[in-house]
Amino acid sequence: MIMPSVSVGDLAFPPYAHVPGRFPHPQSDPAGHHHTHPQVVPPEARFPWALALFHAGFYWEAHEVWESLWRERPHGSAERFFLQGLIRLAACGLKHREHRIDGILSHATGAARLFARSGQDCFGLRVSDLLACCELAAVVPASFPDPEPLVRVVFSFVLVPDASPGASRP
């Protein structure tokens, strides 16, 4: 897999990717990585940082960053549906890490519905590409690793924003 180049300044990945019940909760547990490795993400870096987290297997963390952008968008807007689709896709990755087949399928399906509902490409990402990614995300592996490593990439696809001048940006 080729990772796209993402400029996110001095931000560093956390020491582990949060998986509920397996690792300390990043925010509420004193041993959580938000307590031990706090980072301030500049507003202009939030979307590329979320993509970098997602690509590296930090699905809960990507979800949190995308959710911060989602909260800022107007209700009913295409961008809000689109971001909610990315949040659901990250949740699907987390369900892979939790070995929850029902969650994998429901989040992949939910993400696809939200991307379709957005009705337009956003943040340089194409709806058609994301719908194909949702199909790949819904594929359940024959087995899951046991025990789960600290970080694991579960998807074979990479979300690469279009860098053309007309592509919308967060």
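The values are calculated or read from the model by the stated rules, or taken from the named source; none is laboratory data. From a predicted model like this one, the values you see are computed outputs, not experimental measurements. We place every Cβ from the backbone using ideal geometry, glycine too, and count neighbours over all the protein chains shown.
Here are the numbers for this structure:
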quantity: Test result for Phe115, aromatic (Phe, Trp, Tyr), surrounded by 17 or more Cβ atoms within 10 Å (Cβ to Cβ), in contact (Cβ under 8 Å) with a residue 24 or more places away in the chain and over 29 Å from His33 (Cα atoms); calculated: yes
quantity: Residue list for the stretch 119-168, filter: among the hydroxyl-bearing types (Ser, Thr, Tyr) and in a loop (DSSP other than H, G, I, E, B); calculated: Ser143, Ser156, Ser164, Ser168
quantity: Count of the stretch 56-83 residues which are free of Cβ contacts under 8 Å to residues at least 60 places away in the same chain and more than 10 Å from the chain's Cα centre (by Cα); calculated: 13
quantity: Cβ pairs under 6 Å, 6+ apart, first in the stretch 1-23 and exposed (fewer than 12 other Cβ atoms within 10 Å of the Cβ), second modelled with pLDDT under 80; calculated: Pro15/His33
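Yes/no per residue for (1) buried (at least 20 other Cβ atoms within 10 Å of the Cβ); (2) at pLDDT 95 or above:
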| site | (1), (2) |
| --- | --- |
| Ser68 | no, no |
| Ala108 | yes, yes |
| Ala111 | yes, yes |
| Gln120 | no, no |
| Ala132 | no, yes |
| Ala138 | no, yes |
| Pro141 | no, no |
| Pro147 | no, no |
| Asp162 | no, no |
